[in-house]
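Note sheet for the following structure.
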């Protein structure tokens, strides 16, 4: 039987949370199929994983029927193409065998890491210690500035001369700036230097509050004259606000330590002929 549309019930079964609608729960089990194609059954769980992969970076599309239909169509395309691979007996192909083994390793690795993460419960002291370390490493400056954007360097130099004579920066920005902030006197508000392109951020960081660039600053947008109004050390988020991120960070650190411990404790017997061959290849490349 051919199908063109996803049943409405499927929308509930695709929910990213662990709770489903009551009618959806009744239909949801490891044995629930999404479809049988050419007499081959395909579990809903397989499609759900496929759907979640496609949803990454597209969360806003989650309840969009058109997006769901698109993913469903892609899944059907994957099914018939994989069935063609089976028909051609490609599972015995050397590269296919290796690729399947690698994919299984990735799936089992991710499952193991997720299980390990669930078992880790960071203490309050660990979270606070991590919070202090993060604060030290992420201390950054924020700047409040104005700028005037023009097309030609000579025009920017003329504006700097007018500033040297006491002209008001904001008024010059309103009259001459071609940037979208011109109407507001070139006001950029508070920003992290990393938000700006490198030449602009470097010029801002070199200024003292109340001063302006004595030479035009070139970026891909044109030529800038920049005035730094003020600077401040950015306040980090409060401990309670940062707690979810801190928990995730501590878990990642503990998992990394555990994986490193397992790797160092693993019994490894290298194929020396292969390893030597690799080393020889590296030596040849370095010559």
Longest principal axis of the chain (C-alpha) makes with the long axis of helix 239-265 (C-alpha) an angle, in degrees to the nearest 10, of 50 degrees
Could you tell me the relative contact order of the chain? Use alpha-carbon pairs under 8 Å, at least six residues apart, and round to a whole percent. 15 percent
Between 54, 140, 232, where does the largest GNM mean-square fluctuation fall for the chain, given springs only between Cα atoms within less than 10 Å? 54
Taking the Cα-to-Cβ direction at residue 241 and at residue 129 and moving 7 Å from each Cα, how far apart do the two end points lie in nm? 2.6 nm
If I take R0 = 51 Å and measure r between the Cβ atoms of residue 234 and residue 89 in this structure, what FRET efficiency does the formula 1/(1 + (r/R0)^6) give, to the nearest 0.05? 0.25
How high is the relative contact order of the range 140-233, in percent, counting Cα pairs under 8 Å that sit 6 or more residues apart? 43 percent
Comparing 120, 148, 34, which has the greatest mean-square fluctuation in the GNM of the chain with Cα pairs linked when under 10 Å apart? 34
Once you've got the GNM for the chain with C-alpha springs shorter than 10 Å, pick whichever of 92, 31, 154 has the biggest mean-square fluctuation. 31
For residue 259 and residue 178, compute 0.36 nm times the residue count separating them, minus their Cα-Cα distance, and round to one decimal in nm. 23.7 nm
Assuming R0 = 22 Å, what is the FRET efficiency of residue 219 and residue 168, from their Cβ-Cβ distance, to the nearest 0.05? 0.40
What translational diffusion coefficient, to the nearest whole µm²/s, does the range 184-276 have by Stokes-Einstein, given a Kirkwood radius computed over alpha-carbon pairs, a temperature of 4 °C and 1.567 mPa s viscosity? 70 µm²/s
The chain: projected area of the alpha-carbon convex hull, averaged over directions, in nm²: 27.3 nm²
For labels at residue 33 and residue 198 in the simple 7 Å Cα→Cβ model, what's the distance in nm? 5.8 nm
Using 0.36 nm times the number of residues separating residue 142 and residue 111, minus their current alpha carbon distance, what extension gain do you get? 7.1 nm
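Every read-out reported here was derived from the displayed coordinates using simple, explicitly stated rules and does not represent laboratory data. Remember, it's a predicted structure, so these values are computed and weren't measured experimentally. Every residue, glycine among them, receives a Cβ derived from its backbone with ideal geometry; neighbour counts consider all protein chains shown.
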